[in-house]
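*Asks:* First the structure, which I've put down as structure tokens, then a few questions once you've had a look.
The values are calculated or read from the model by the stated rules, or taken from the named source; none is laboratory data. Note that the structure is predicted; figures quoted are calculated from it, not measured. We place every Cβ from the backbone using ideal geometry, glycine too, and count neighbours over all the protein chains shown. Quick note on the areas: whole protein, heavy atoms, side chains included, nothing else; ligands and nucleic acids left out. Shrake-Rupley method; radii C 1.70, N 1.55, O 1.52, S 1.80 Å.
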Amino acid sequence: MSHTTDLTLPVYADVVDLDRYPIHELDSDKGKALIDSCRKELAKDGCCTLARFIKPAAVTKMVELAGQLKEKAWVSDKTHNVYFTPFDETVDADHPLAHHERSAKHGIAYDCIPEDAPLRRLYESDDLTRFIAAVLEKPVLYRSADPLDALQITRFHPGEELGWHFDNSEFSITVMYQKADQGGDFEYVPGLRTKSDECYSDVREVLQGDRSRIKVQSSAPGTLAFFHGNCAMHRVTLVEGKTPRINSVLTYGEHDNMRLSDLTSELFYGRTSSDAP
Ligand SMILES: O=C(O)CCC(=O)C(=O)O
Ligand SMILES: [Fe+2]
């Protein structure tokens, strides 16, 4: 039997449900309606989720791949503050700058993910970058230049979690492959700080257990999510049961030279981008 490749189809046609989410035809009526509904959801909730964005067979492949790459994962279990800056010992112990959060996960770096992996083919397509830019109303957007962090796969094994934090990048894109049996929820507080105000007392309230502003999102496998991770403080709750939570974070920036700080890179990959081959 001979196989032919249909050159009119995008290289990620087996990865994305293009009938539901036509990211290859953003100028079509359906494409414009998709961008519009994503923008509305993001403005309303600080988060937008696209269920069944990734086709089930591609999700299965990513779960298998995450299993094959398990030994290559960097296992981290450390405390940090919500800003990923050194703890400030000159402030009160309950100040967010001094507050300790725990993050423990298995991080598989971009340079370990094969080029033909479904999510890598999707991430490296300009169509996806254009779609993300359109939703975020950015005239230009670049994929991260970080050889470790641009696209990664994270396994949160039972007992692991991601503590409260703000991302360095303005927004984040995640793709869920496998849910935990229990826990592993994504919790976030939309607009907890602004670009000009750290809102330390609001941050402190959340860190001390106030749940009144917390939103919880538990994505099914195949879901792609957008969120404003720089202003929305967020975390992944403790994973319980037997099944690891497996997902990817896709990183973008408004500059073509975006890289992770050495401190964060050491924390999550055990090396920095200057060590990468
Ligand atoms: O795994 C998630 O859902 C969120 C990940 C995250 O917040 C991060 O990697 O900064
Ligand atoms: Fe984050």
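*Asks:* So how tilted is helix 126-135 from the main axis of the chain? Cα-based, degrees 0 to 90, rounded to 10.
*Replies:* 50 degrees
*Asks:* Pick out, in residue order, every one of the GluC sites (Glu not before Pro) in the stretch 190-243 that is DSSP loop and has at most 16 other C-beta atoms within 10 Å; say none if there are none.
*Replies:* Glu198
*Asks:* With all protein chains present, how much of the accessible area of the chain (probe radius 1.4 Å) comes from carbon and sulfur, to the nearest whole percent?
*Replies:* Accessible surface attributable to carbon and sulfur in the chain totals 49 percent.
*Asks:* Could you derive backbone 3J(HN,Hα) for the stretch 139-153 from the dihedral phi with the Karplus parameters 6.51, -1.76 and 1.60 (θ = phi - 60°), listing whole Hz in sequence and x where the residue is Gly or Pro?
*Replies:* Going residue by residue, I get x, 9, 8, 10, 6, 4, 8, 7, x, 9, 10, 3, 9, 9, 10 Hz, with x marking Gly and Pro.
*Asks:* Over the chain, calculate the relative contact order: mean separation of alpha carbon pairs under 8 Å at least 6 apart, over the residue count, as a percent.
*Replies:* On the way: 562 pairs, mean separation 71.1, N = 277.
Computed over the chain, the figure is 26 percent.
*Asks:* For the stretch 153-277, what are Rg and Dmax over the alpha carbons, in angstrom?
*Replies:* Rg and Dmax of the stretch 153-277, Cα atoms, are 15.2, 46 Å.
*Asks:* As a test of the formula, what do you get for the chain when each DSSP H run with n ≥ 4 contributes -39,500 (n - 2.57) and the sum is divided by the residue count, at 222 nm and rounded to the nearest 500 deg cm²/dmol? Walk me through the numbers before you get to the answer.
*Replies:* Numbers: 6 runs with 62 residues, N = 277.
-6500 deg cm²/dmol, from helical runs alone.
*Asks:* So if I restrict to the alpha-carbon atoms in the stretch 132-177, what is the Rg, and what is Dmax, the biggest pairwise distance, in Å?
*Replies:* Radius of gyration, then largest Cα-Cα span, for the stretch 132-177: 13.4, 41 Å.
*Asks:* To continue, here is another question. Please determine, in degrees from 0 to 90 and to the nearest 10, the orientation of helix 56-68 with respect to the longest principal axis defined by the Cα atoms of the chain, where the helix direction is its Cα long axis.
*Replies:* Computed tilt is about 60 degrees.
*Asks:* Bin all alpha-carbon pair distances of the chain at 5 Å intervals from 0 and give each bin's fraction as a whole percent.
*Replies:* Taking every Cα pair in the chain, the percentages come to 1, 5, 12, 17, 19, 18, 13, 8, 4, 1, 1, 0, 0, 0, 0.
*Asks:* Just the projected area, averaged over all directions, of the convex hull on the alpha carbon atoms of the stretch 1-154: how many nm²?
*Replies:* Directional mean of the projected Cα hull area for the stretch 1-154 stands at 13.0 nm².
*Asks:* Using a cut-off of 24 Å between alpha-carbon atoms, which lysines can reach Lys44, once sequence neighbours fewer than 8 places away in the same chain are excluded?
*Replies:* Correct list for Lys44: Lys30, Lys32, Lys138, Lys195, Lys215.
*Asks:* Oh, and also: In nm, what is the difference between 0.36 nm times the number of residues separating Ser196 and Arg271 and their Cα-Cα distance?
*Replies:* Stretched out fully, the Ser196 to Arg271 stretch lengthens by 23.8 nm.
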